[in-house]
């Protein structure tokens with residue numbers, strides 16, 4: 001087999017492949033064997049009919065067509081491997097010549113990873129918010145903990161913000177009742193903003209048994225985007241009584257004996273949470289700085305695939321009814337044109353980020369260990385409320401194990417860039433990123449350890 005590569009653009013190539021017919025003999029043998037099992041010829045047991053009779057029965061053209069179709073994927077893959085092009089997505093294959101007994105020729109146009117010139121990571125400098133912990137942060141955490149251990153007590157007074165109410169709701173649009181917008185005995189925390197716009201404001205001041213009407217825009221159902229007249233009726237009003245913040249509460253709510261010990265632990269939790277937030281900001285800003293410094297030609301096919309996936313997921317929620325989808329967008333103050341524009345922009349950035357981080361990972365020879373893949377799988381399984389076994393089964397069925405590996409590798413590649421960048425906080429102090437992202441030396445040690453383990457296992 002002979003193959004050549006034509007560079008059509010920085011992100012697309014045409015692979016020309018020529019296959020002598022003698023190399024297709026194994027493919028013909030497999031085709032005859034399978035056809036012999038399917039075609040009944042008098043005088044021969046299933047699977048035993050000779051090739052000559054199969055050609056007479058089916059025609060040489062039909063057999064040749066099956067051989068070519070079966071052979072193309074393997075020959076294309078072999079050409080890709082030989083030419084060492086880094087393909088993205090599925091190829092557009094065209095058969096250019098079939099000379100029976102002589103030669104098969106075809107072309108495959110496919111997107112490829114562009115060559116990317118990477119900058120000096122040490123030239124990247126970003127500034128992030130400083131980690132500051134005030135007394136109010138500790139008090140917020142303590143208040144939240146007290147609320148968890150609070151008790152609800154019925155009260156005979158008008159509803160106030162922070163109360164818990166049991167309510168009935170009904171709605172009408174243009175005078176007609178909306179069945180799927182009616183409910184009874186619904187529990188709600190006043191001021192949480194978790195239900196309908198305008199509900200919390202309507203509830204404040206209402207006593208048990210009292211009702212009030214207000215207007216709000218529906219966001220789901222057949223009337224999505226339309227104004228509805230909502231009627232809310234309060235059934236009961238309860239307030240939350242909080243336990244006193246003292247040593248007794250500390251012993252009830254934690255493993256600590258004193259309130260002071262509990263406050264100290266809460267301070268540590270706040271600090272860790274804020275450092276996680278800071279790490280996220282560092283990662284995002286370093287990535288943005290890296291993207292700004294690098295030109296990445298975008299493969300049209302990859303961008304289109306990303307757009308199609310996002311659009312499919314969005315419209316799928318409305319049974320692929322474009323009219324309902326447009327109504328939902330209108331209810332959010334948007335249009336389909338704006339959605340498409342935002343989706344395209346997001347897809348281009350996503351593809352650029354993936355290609356760039358893949359180039360970084362390749363340049364730095366970023367390695368991914370099995371334990372890192374396992375950790376990501378466990379995290380994702382917990383996120384989706386599945387057992388690790390269920391999640392792995394779903395991922396395998398969807399063919400997404402490779403995507404998980406790629407995500408982990410890209411994350412490690414970005415961490416390597418962060419480790420070489422200069423990070424300063426808003427107070428002017430240098431931020432040590434090794435605690436959050438590790439160091440290049442750590443990655444090198446991990447790689448050496450994995451290689452040593454692999455060698456000893458052999």
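The values are calculated or read from the model by the stated rules, or taken from the named source; none is laboratory data. Computed from a predicted model, the values in this text were never measured in an experiment. Virtual Cβ from ideal backbone geometry, glycine too; neighbours counted across all protein chains shown.
Listed here are the residues, each with its yes/no results for (1) modelled with pLDDT of 95 or more; (2) in a helix (DSSP H, G or I); (3) surrounded by 15 or more Cβ atoms within 10 Å (Cβ to Cβ).
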residue: 66; (1), (2), (3): no, yes, yes
residue: 77; (1), (2), (3): no, yes, no
residue: 89; (1), (2), (3): no, no, no
residue: 98; (1), (2), (3): no, no, yes
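Results for (1) closer than 27 Å to residue 315 by Cα; (2) surrounded by 14 or more Cβ atoms within 10 Å (Cβ to Cβ), shown as yes or no for each residue.
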site: 351; (1), (2): yes, yes
site: 356; (1), (2): no, yes
site: 360; (1), (2): no, yes
site: 367; (1), (2): no, yes
site: 379; (1), (2): no, no
site: 396; (1), (2): yes, no
site: 409; (1), (2): no, yes
- Within region 162-183, the count of residues that are more than 37 Å from the chain's Cα centre (by Cα) and free of Cβ contacts under 8 Å to residues at least 60 places away in the same chain comes to 6
- Query: Within region 177-199, how many residues are out of contact with any helix residue (DSSP H, G or I) (no Cβ under 7 Å at 6 or more places or on another chain) and either assigned to a loop (DSSP other than H, G, I, E, B) or surrounded by 14 or more Cβ atoms within 10 Å (Cβ to Cβ) (or both)?
  - Reply: 12
- Note on the structure: Here the residues within region 227-253 that are under 22 Å from residue 134 (Cα atoms) and either without any contact (Cβ under 8 Å) to a residue 12 or more places away in the chain or outside any helix (DSSP H, G or I) (or both) are 244, 245, 246
- Query: Across region 154-176, what is the total count of residues that are over 16 Å from residue 234 (Cβ atoms) and exposed (fewer than 15 other Cβ atoms within 10 Å of the Cβ)?
  - Reply: 3
- All but one of (1) free of Cβ contacts under 8 Å to residues at least 40 places away in the same chain; (2) in a helix (DSSP H, G or I); (3) surrounded by 15 or more Cβ atoms within 10 Å (Cβ to Cβ); (4) within 37 Å of the chain's Cα centre (by Cα) hold for residue 202; which doesn't? (4)
- Query: Is it fair to say residue 160 is under 30 Å from residue 207 (Cα atoms), modelled with pLDDT of 90 or more and either touching a strand residue (DSSP E or B) at 6+ places or on another chain (Cβ under 6 Å) or not in a helix (DSSP H, G or I) (or both)?
  - Reply: yes
- Can you confirm whether region 409-432 contains a residue that is assigned to a helix (DSSP H, G or I), touching a helix residue (DSSP H, G or I) at 6+ places or on another chain (Cβ under 6 Å) and modelled with pLDDT under 90? no
- Message: Can you tell me which condition residue 270 does not meet? The list is (1) crowded, with 16+ Cβ neighbours inside 10 Å; (2) within 30 Å of residue 357 (Cα to Cα), and all the others hold.
- Response: (2)
